[in-house]
Amino acid sequence: MKKNITVLSGDGIGPEIVAEAIKVLNKVADKFGHEFEYTYVDIGGCAIDKYGVPITEEGMEKCKSADSVLLGAVGGPKWDSCPPAIRPEKALLAVRKELGLFANLRPTKLFPQLADASPLKQSIVGNGIDLLIVRELTGGVYFGEKKTEEVNGELVATDIMPYSEHEIERIGRVAFETAMKRGKRLASVDKANVLDTSRLWRKTMHRIADDYPEVELSDILVDNTAMQLIKNPTQFDVLVTENMFGDILSDEASMLTGSIGMMPSASLSSTTLGMYEPIHGSAPDIAGMNIANPIGTILSAAMMLRYSFDMMDEADAIEAAVNKALDDGYRTGDIMQEGCKKCLCSEMGDVIVSNI
Ligand code: NAD
């Protein structure tokens, strides 16, 4: 199969970690007989330096016309004082909007080899945490009408949280499909005891559940979910929730693994075009030192193969190669443990490539 991938390396450690993911993709292409073609586009601070904007129109077109987009990270202190309209993160919001990326998938996996890195006790994390949060990304209170007005001599601020049935249905279907590819258990997170949007959310999830009889659907209130993620995180397989709840819960969940450098993510549209990126930022404190952990980006590339290209065996091969690297004791500095082999960013990439 031939696929065109637009690569947005970005700033800080972005180019270093993306280079390792490309090495891994090239090995997969060789082994499984695919052809991946890469188009590099500047994004974030490096684009501001070159063109005065965080992404050019031409760059955006290259994202839209690709089969998929791989992102490193953007930003850094150098661009913190840029005017809001041309800050590095603006480019990410623009790409999400232009590509219609309404579904954010964040797996939270605590590899058993790294159980010590979790802030939770061994008795809670057991043999490792493996859950996935599906977050609605383009609706709800972040995008609803906002206003601040004076009422009876004081300021009153209002944020409206709209959700339409079709918005809930399309994220719901992504969640059910995702659950079908995993453990077939889906927890729908809402606040249906208080919010009308949540009542519509729950009703819609149960309506579409009829189309996925193999998936076991349960409802859970968002406040209880926040507690259960700490008390018993291994009970979950896939969780689906609206934008703001998902924003908060996915950050909470990512901390359970204790290692931000390991975590991938995917943002999906209604076509197969998606954007794949590690959840961390550009880590300016370690940029250019070849010591960043590339695993979050490499696992993001695996998600690209699974969700955009339907290449399941290829995605499995990358994940197994990462697992073997950890089993064999290879660790970048951020996940280093006693008795393990400390390696550089590029060395970790090489080990994973050789495991495929
Ligand atoms: P960060 O995630 O970049 O770094 C937080 C800490 O984690 C740092 O100590 C860093 O060294 C470490 N870290 C992050 N990724 C690592 C990796 N792969 N390997 C080893 N260590 C890693 O968050 P920050 O410092 O708050 O933000 C830095 C810049 O990144 C800011 O400009 C911020 O706006 C930007 N940012 C970008 C994105 C994105 O591009 N999606 C996301 C978050 C933050």
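The values are calculated or read from the model by the stated rules, or taken from the named source; none is laboratory data. Quick caveat, the model's predicted, so the values are computed rather than measured. Glycine also receives a Cβ, built like all others from the backbone with ideal geometry; neighbour counts cover every protein chain displayed. With ligands, DNA and RNA removed, areas are computed over all heavy atoms of the protein, side chains included. Shrake-Rupley method; radii C 1.70, N 1.55, O 1.52, S 1.80 Å.
Details
- Cβ-placed point charges (K, R +1; D, E -1), dipole of the chain about Cα centre in debye, nearest 20: 380 debye
- Whole-angstrom gap from segment 301-333 to segment 178-237, using each part's C-alpha centre: 27 Å
- The mean of 1/r over all pairs of different alpha-carbon atoms in segment 219-288, once inverted, gives a Kirkwood hydrodynamic radius of 14.1 Å.
- Paramagnetic label zone (point 7 Å from Cα along Cα-to-C-beta, Met289; backbone N under 11 Å) in segment 327-355: 333-334
- Across segment 108-187 the C-alpha pair distances fall into 10 Å bins from zero in the proportions 15, 25, 23, 21, 12, 4 percent.
- Apportionment of accessible area to carbon and sulfur, the chain, percent (1.4 Å): 52 percent
- With protein chains left intact and a 1.4 Å probe, residues in the chain average 44 Å² of accessible area per residue.
- Centre separation in Å (Cα based) which lies between segment 238-288 and segment 119-171: 15 Å
- The modelled label-to-label distance between Arg173 and Asp310, using points 7 Å beyond Cα along the C-beta direction, is 1.5 nm.
- Packing-based ranking, highest mean first, of 291-301, 16-26 given that Cβ atoms within 10 Å are counted: 291-301, 16-26
- Segment 164-262, Cα convex hull volume normalised per residue, Å³: 100 Å³
- Sequence-distant aspartates and glutamates (8 or more away, or on other chains) whose Cα lies within less than 19 Å of Lys203: Glu136, Glu165, Glu167, Glu169, Glu177, Asp190, Asp211, Glu214, Glu216, Asp219, Glu242
- Percent of beta bridges antiparallel (DSSP, the chain, rounded to nearest 5): 45 percent
- Förster radius 41 Å - calculated FRET efficiency between Arg199 and Glu98 (Cβ-Cβ, nearest 0.05): 0.80
- Hydrodynamic radius (Kirkwood) for segment 30-141, which is based on Cα pairs only, to one decimal in Å: 17.2 Å
- Heavy atoms of Ser123 accessible to a 1.4 Å probe, total area in Å² rounded to 10: 100 Å²
- For Ile248 and Glu58, the FRET efficiency from 1/(1 + (r/R0)^6), where r spans their Cβ atoms and R0 equals 30 Å, is about 0.25.
- Here's the list of lysines a cross-link from Lys62 could span, going by alpha-carbon distance under 21 Å and ignoring same-chain residues fewer than 8 apart: Lys2, Lys3, Lys50, Lys90, Lys97.
- Rg(Cα) / (2.2 N^0.38 Å) computed for segment 237-277, rounded to two decimals: 1.31
- Ile160 paired with Lys146, simple spin-label distance in nm, labels 7 Å along Cα-to-beta-carbon: 1.5 nm
- Once the Cα gyration tensor of the chain is diagonalised, semi-axes √(5λ) in Å: 31, 26, 21
- Taking a straight Cα-Cα cut-off under 17 Å and skipping sequence neighbours fewer than 8 places away in the same chain, the aspartates and glutamates within cross-link reach of Lys109 are Asp130, Asp237, Asp251, Glu252, Glu277, Asp316, Glu319, Asp327, Asp334.
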